[in-house]
Amino acid sequence: MLIKKKKSWEIAEREATPEGIYLNRRQIMAGAGAIGLAGALGTVNGAFAATEDDRLAINAPRNEAFQLDRELTPEDINLNYNNFYEFGSHKEIARDAQALEPRPWEITIDGMVDNPTKIDVDDLIGKMAVEERLYRHRCVEAWSMTVPWIGFPFAKLVEMAGPQSGAKYIRMETFNDPGVARGIKTQPWYPWPYVEGLTIEEAQNDLAFLVVGAYGKQVADQMGAPLRLAVPWKYGFKSIKSIVKFTFTDERPVSFWEQLQDKEYAFWANVNPEVPHPRWTQATERVLHTGDRVPTLKFNGYEEQVAGLYADMQDLGDLLYR
Ligand code: MTE
């Protein structure tokens, strides 16, 4: 498939759309050219209504330690503007994503751990105390939301797994079923499954959150049911959806987007307004539900909580993004 479009850096920002993406197999194989996330500013079509699904309510107390300085993004907007490439490389994947069957769902924890296990997602959730946290969510494409996530600290899963000495990273993997997600079938040039990684230290940071709900209910299919990550100091592509596996390892995982374009979507991917994406600025972001363009904050406003993780890195500005 070859989509002949103007490249997104060739056109004015106001004209950029999700389809501003330019993609072909040869470019990906060559690891060159404009591949990947769109820098897009598409409009929100309220196509999928919150009433159209059957998610169960989750009663989770709000953890007041995680507050926002902005109002929450309305649920309808969040339900209709999603990146989930397994269902297509555009934002309107909500309907197709309803093919996902988030239950039953088995999670595998393996690799360098004392307690490798395969566990049903609801049994896992049953072992954890879930809570609600209000988080910022900043996509590398320069749009942002604010979301009331429900979940549990990633640190609790690390504790349950019992990492062995020598383990440094956690590699996470999304389901890979072309029968469910037709984007996997129709876009065979992507390196499925979607993979992401964190250091164990990052996963143990207070902010790293494994999400099982949002807006008071089980998390919607298009938002990554039944279990996804939220690491709000990093660009959104780190927050992998619909996770099936956590592997503890001593090797740094190579993530999905990094395999495609390591100059644009690097492993660390911490939000940094001072380091532009090669094709657009990261100094500002568009708040999705107001359309306002506001300054982007270092570590997406979470500098106090996470800067210590990277204190040993020498050239902070550069290393954070590349
Ligand atoms: N996880 C999977 N499995 N597949 C994806 O395409 N997209 C990422 C991330 N997690 C993605 C994913 C990107 S680029 C972003 S910005 C966020 O999910 C979007 O999350 P949202 O749709 O809930 O806003």
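Extension gain for the segment residue 128 to residue 254, taken as residue separation times 0.36 nm less the Cα-Cα distance, is 42.5 nm to one decimal. Each residue of the stretch 258-266 was assigned a 3J(HN,Hα) from its phi angle through the Karplus curve 6.51 cos²θ - 1.76 cosθ + 1.60 (θ = phi - 60°); the sequence is 5, 4, 7, 7, 5, 6, 10, 9, 7 Hz, with glycine and proline shown as x.
A Förster radius of 30 Å combined with the Cβ-Cβ distance from residue 120 to residue 71 puts the calculated FRET efficiency at roughly 0.25.
A simple rule links phi to the HN-Hα coupling: the Karplus curve 6.51 cos²θ - 1.76 cosθ + 1.60 with θ = phi - 60°, which for the stretch 211-220 gives 8, 10, x, 7, 6, x, 10, 4, 5, 5 Hz, with x for Gly and Pro.
Here the calculated FRET efficiency for residue 63 and residue 177, from their Cβ-Cβ distance with R0 = 35 Å, stands at 0.55, rounded to the nearest 0.05. Beta-bridge orientation, the stretch 63-319: approximately 85 percent antiparallel, per DSSP, counting only bridges with both partners inside. In this structure, residue 54 and residue 310 have a Cβ-Cβ separation that, at R0 = 45 Å, corresponds to a calculated FRET efficiency of about 0.60. Take every Cα pair under 8 Å whose residues are at least 6 apart in sequence, average their separation, divide by the length of the stretch 63-319, and the relative contact order is 21 percent. Based on protein heavy atoms only, the stretch 63-319 ends up with 37 Å² per residue of surface accessible to a 1.4 Å probe. Taking 23 Å as the limit for the C-alpha separation, the pairs 127/245; 185/217; 118/241; 91/234 exceed it in the case of 185/217. Near residue 134, the amide H atoms lying under 5 Å from its own belong to 66; only residues 5 or more places off or on other chains count, and H is placed 1.01 Å from N. Here's how it looks for residue 245: its modeled amide H is under 5 Å from those of 108, 173, which are all 5 or more places away or on a different chain.
Here the accessible area is traced with a 1.4 Å probe on the protein chains. For the stretch 63-319, carbon and sulfur cover 47 percent of it.
The values are calculated or read from the model by the stated rules, or taken from the named source; none is laboratory data. Computed from a predicted structure; not experimentally measured. Because the Cβ atoms are built from the backbone with ideal geometry, glycine has one as well, and the counts that use them run over all protein chains shown. When the accessible area is computed, the model is the full protein with side chains, heavy atoms only, and any ligands, DNA or RNA have been set aside. Shrake-Rupley method; radii C 1.70, N 1.55, O 1.52, S 1.80 Å.
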